[in-house]
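See below for the structure under consideration.
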Amino acid sequence: MADHLAGGSCHNMRRNLPAALELDALADGFGAAARDAHLFKVAVVRSAVALGIGQILDLGCGTPREPALADVARRAGARAQVVHVEGDPLTAGYGRALLETDTSTVTVEAPCLSTVVLDHPTVREHIDLSQPLCLLLVAAAHTAPLASLGELAFALADRLAPGSLFAVSQWAADSVDIRWAVNDCLYERTHGTSGTVRSTGEVSAAFEPHLLLGPPPGPVIRWQPDPGPGGGELVPLHDGRTGVVEFGAVIRIPVQGAPADVASGGDPGTPSCGGIGGRRP
């Protein structure tokens, strides 16, 4: 569904197109949110590579999008080990067919909304949890039960080695009417298995009490590359109150004894903000 909303073509038309069209009719911002989510992944991977992190675990990866995360790492000067995890068999099949071009990229079909995924045999074969990791739960956290997003984020972060990054984002809207309408649609279309749009406050609460890299929880468009001189400020098409926005932040697992420096405030998608953020929502 997210692939169609973002303008892609590798989706199950019969299953996903009606739901995507219905969501588009209910609220503004879904297409932009889907595109922003992948750009968020790209920017976080670039930051991870700049910090010397060579492992990427992409939970709830969805249909493959360009650029592939392994290519992003390679262009940033590193050959990272990338493991994509997807619970939908058809989508996981797309990943295996399109992404596994060499041994540096693997796609695993498995549930991803618990710490159990970290102990999956294929994940453990390719990911060393004793070393820093870039963990992505992007455009997937909305599938967590309503009351457990904070617990899920805390449990996953607790398993990560010092120096790791953990990006979390999901659809958010501050309009109660939009949330009710969209959540009812998702429940009906997916038989209760595929999503809850939360308020921005509910998503922000999931990041307490972690240290953050880059800006506090907000529209992830802020992690897109700097548009350059004269390009103007990057702003979301919708702020979550008048539509749906991809909303999240990046947790930095501190290294024991290292200073918790406030992030530089520069473009969070570049090496210039590699410090440990001391900000809270």
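Within region 68-125, being of a type in the set (D, E, K, R), open to solvent by less than 80 Å² (accessible area, probe 1.4 Å) and part of a strand (DSSP E or B) holds for one residue alone: GLU86. Whenever a residue of region 22-39 is more than 15 Å from VAL182 (Cα to Cα), its partners that are β-branched (Val, Ile, Thr) and assigned to a helix (DSSP H, G or I), lying with C-beta atoms within less than 9 angstrom and at least six residues away or across chains, give the pairs ALA32/ILE221; ASP36/VAL220; ASP36/ILE221; ALA37/VAL220; LEU39/VAL220; LEU39/ILE221. Where residues in region 35-59 are open to solvent by 10 Å² or more (accessible area, probe 1.4 Å) and either in contact with a helix residue (DSSP H, G or I) (Cβ under 7 Å, 6 or more places away or on another chain) or of a type in the set (A, V, I, L, M, F, W, C) (or both), which of them is nearest to GLU109 (Cα to Cα)? My answer is LYS41. Looking at ARG65, is it under 22 Å from ILE253 (Cα atoms) and basic (Lys, Arg)? So ARG65 does not fit the description; no.
The values are calculated or read from the model by the stated rules, or taken from the named source; none is laboratory data. None of the values given here were measured: they were computed from a predicted structure. FYI the Cβ positions are ideal-geometry reconstructions off the backbone, even for glycines, and counts take in every protein chain you see. Just so you know, the surface numbers come from the protein's heavy atoms only, side chains and all, with ligands and any DNA or RNA stripped out. Shrake-Rupley method; radii C 1.70, N 1.55, O 1.52, S 1.80 Å.
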